[in-house]
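The values are calculated or read from the model by the stated rules, or taken from the named source; none is laboratory data. Quick caveat, the model's predicted, so the values are computed rather than measured. FYI the Cβ positions are ideal-geometry reconstructions off the backbone, even for glycines, and counts take in every protein chain you see.
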Amino acid sequence: MNRPDVPWLKLVYDSLEIPSFSEKVDTEIRQLSFPFPEPDIIVVLDVAQFHYVSFKSALDQIKPKWIFDIRAAPRMDRLVGGRSHAFREFERIGSRYIDIFGIVGLTNYKKAIHNPGYWTPVVEEFISSSLERRGPYLALLDDDIMINSVSRHFASSVSHATGREVSLSRLDAEML
C-alpha cells in the first residue's frame, strides 16, 4: 500500500546485467519497493551516479546492515561530505562498513577482477564471524566492468557465508 507520506523507490532488476548466484533464480525483470521485504538482498550501487542527497536517500530507504566498499579509492567526499560524515551516517542507520580493498591492500581493479579469491574470503570471514549475518547488504562500486564482474563473486561469497540464497539488484540514482 502506497502512503503519500512514505517515500518509495522503484528498483528494477535486470537479470542480464547482474545475475543472482543463488538457488532462487530470477529470470524476469522485477520491481521491488523499499524497504525490502527480505533481508537476504544485495543492492549494488554505482557511486559515480550518486551525490549527497541521493546517497543519503538510498541509505535511509535500504537501511543496509552491511556496507561493503569494493572500490580501489573509496572516496566519500562527493557522497556524504567526507569519511567522518559517512561513518556517522552508517552508524545512524545501524550499518557496518567494510573497506574490502583497504583490508587486502588492493590498489587496482585488474587484480580484483582476475583474482576474486584474493578478496572474497574477507567478505565471507566478516559475515560468518558476526552474530548478525542478515542483510540487506550494500555493495559500493564505481566502475561498470567491476559492477558486472565483481557483483557475481560478491553475491556468491555472501551466499556462502550466510548459508542462504541471496538476491542481487542494482540501484541507479535516477530510481530515487
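Quick notes
- Members of region 153-176 that are part of a strand (DSSP E or B) and in contact with an Asp or Glu (Cβ under 8 Å, 6 or more places away or on another chain): S167, R170
- Given (1) within 15 Å of the chain's Cα centre (by Cα); (2) at pLDDT 85 or above, index of the condition E125 fails: (1)
- Spans of strands (runs of 3 or more DSSP E) in region 29-100 with at least 1 residues modelled with pLDDT of 90 or more: 41-46, 66-69, 96-99
- S95 being hydroxyl-bearing (S, T, Y) and free of Cβ contacts under 8 Å to residues at least 40 places away in the same chain: no
- Qualifying residue in region 77-98 (condition: surrounded by 14 or more Cβ atoms within 10 Å (Cβ to Cβ), out of contact with any helix residue (DSSP H, G or I) (no Cβ under 8 Å at 6 or more places or on another chain) and closer than 24 Å to G163 by Cα): no
- Within region 121-152, the set of residues being under 21 Å from P39 (Cβ atoms), of a type outside the set (A, V, I, L, M, F, W, C) and assigned to a helix (DSSP H, G or I) comprises E124, E125, S128, S151, R152.
- Any hit, region 163-170, residues being of a type in the set (D, E, K, R) and under 16 Å from V44 (Cα atoms): yes
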